[in-house]
Amino acid sequence: MTTSRVLISGAGVAGPALAFWLRKRGFEVTVVERAPALREAGYKVDVRGAATEVLRRMGLLEAAQAADTGMRRITYVKSDGRPIAALPADLLMGRRGDDVEIMRWDLSRILHDATADGVEYVFGDAVTKLADGPDGVDVTFERGAPRRFDYVVGADGLHSATRRMVLGESPLSHLGAYISIFSTPNLLGIEREEVMYFRPGRLVFAYAMDPHQDARVGLAFAAPSLDFDRRDVAAQKRLVREAFEGQGWRTGEFLAAMDKADDFYFDSMSQVELPSWSSGRVVLLGDAAHCPAPASGQGTSLALVGAYVLGRHLGEADGFAAYEREMRPYVEKNLAFGRKMAKDMVPGGRLAIAFRTYGMRTLKYHPRKEQVIDKILAPMHEAANAIAL
Ligand SMILES: Cc1cc2nc3c(=O)[nH]c(=O)nc-3n(C[C@H](O)[C@H](O)[C@H](O)COP(=O)(O)OP(=O)(O)OC[C@H]3O[C@@H](n4cnc5c(N)ncnc54)[C@H](O)[C@@H]3O)c2cc1C
């Protein structure tokens with residue numbers, strides 16, 4: 001029997017994780033990544049529940065834990081910067097057992113390094129055309145020579161080009177908010193701390209691991225679907241400025257830092273919901289198949305678990321159907337959770353903020369705050385564990 005050749009488009013989280021399992025099964029794996037190198041920009045992401053078990057089975061849990069952000073505290077502030085409440089990060093984020101919070105690039109690097117030997121990584125290229133036939137998929141690249149693969153996997157994120165090529169335009173489900181995130185000097189001098197500030201229809205957050213290193217600032221705001229060019233960064237920065245100008249606390253300084261930031265990220269809080277994740281010999285994975293929206297905090301976990309499940313089934317007669325059958329209920333739970341979180345992430349009006357502020361103030365003194373938080377976060381833990389591996 002000849003070795004099956006698999007092309008994975010995207011070296012984020014899902015792509016290298018799938019490469020890990022396929023290489024183990026003896027596939028010849030190529031990963032093509034549009035960026036010229038592993039993408040360094042990013043934010044912190046969570047690995048929870050079933051996904052931590054996947055990292056353990058990969059033998060990478062310890063490496064991920066060693067790179068944990070070690071965030072200690074979440075502080076809510078008023079417009080004059082005075083704290084409303086400061087609570088332990090693990091408590092508020094509902095961290096359990098082996099859950100990991102890690103910078104996206106650290107995780108991506110760990111997965112890449114674990115697969116660099118034996119997997120062909122091609123950076124700075126992208127698929128332009130897929131011709132799916134009975135004997136394989138003929139793939140045309142932007143730069144490289146055309147090649148034939150037995151299977152192609154689209155692990156190319158929320159705006160997946162693979163998805164567009166095989167399933168046509170599928171509109172994203174906009175959840176009513178936008179989020180931007182970028183690096184700034186650590187203006188607050190914080191260490192292993194996240195600071196949050198709420199305004200009607202707006203959320204500002206800033207976190208840093210080290211007082212001497214850059215912080216990440218996030219600016220999220222409620223808005224109906226906006227028309228903007230995804231390549232026009234200056235226009236996106238203008239949208240964020242319009243939403244946050246004059247909003248108090250340190251937002252003016254953050255906006256000034258945003259203008260200088262070269263790792264500015266901006267996107268809609270959106271989900272991908274598809275009736276099917278494959279067509280012929282092409283299959284989608286991770287955010288490309290089922291982005292649950294950043295507010296869910298579950299995208300990374302879905303990507304890792306999806307890679308594990310697809311890695312077991314790819315190449316079997318009914319492999320894509322089995323992958324989808326096992327993943328669907330877990331994905332649906334997390335999409336539902338993501339929709340709920342997107343509503344809660346950015347507060348509505350002043351009343352909603354007053355309610356939240358009251359909750360945070362009193363929680364600090366609540367004798368059973370662990371149980372209160374556990375109850376609030378029960379749907380997250382349920383979603384994170386809604387698959388038997
Ligand atoms: C602001 C923000 C905060 C988030 N916070 C969290 C969180 O707290 N917890 C959590 O679990 N998740 C979080 N996420 C989501 C998480 O980052 C994603 O769900 C996760 O990274 C999905 O992995 P992926 O590999 O499917 O996609 P991605 O990580 O997006 O990787 C896709 C890769 O494909 C590449 N690519 C794109 N197009 C092409 C192409 N045409 N050809 C080749 N390569 C291509 C990209 O450069 C990228 O490297 C957050 C996301 C955002 C945006």
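Computed quantities for the displayed model
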quantity: Part-to-part distance (alpha-carbon centres) for region 21-96 and region 140-202, which is given in Å; calculated: 16
quantity: Cα-based helix-to-principal-axis angle, 251-260 vs the chain, degrees rounded to 10; calculated: 30
quantity: Net charge contributed by nearby residues that have their C-beta within less than 9 Å of residue 5 (K/R +1, D/E -1); calculated: 0
quantity: 0 to 90° range, to nearest 10: angle between helix 14-24 axis and the chain longest Cα axis; calculated: 40
quantity: Cα-based helix-to-principal-axis angle, 233-244 vs the chain, degrees rounded to 10; calculated: 30
quantity: Sequence-distant lysines (8 or more away, or on other chains) whose Cα lies within less than 30 Å of residue 78; calculated: 44, 237, 260, 340, 343, 364, 369, 375
quantity: Burial order of peptide ranges 124-133, 368-377 (average beta-carbon count within 10 Å, highest first); calculated: 124-133, 368-377
quantity: Radius 13 Å from Cβ of residue 161, net charge of other residues (Lys, Arg +1; Asp, Glu -1); calculated: -1
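Read the figures in this text as sums done on the coordinates, not as results from a lab. Keep in mind that this is a model prediction, so the values were computed, not measured. In this analysis, Cβ positions are derived from the backbone assuming ideal geometry, glycine residues included, and neighbour counts consider all displayed protein chains.
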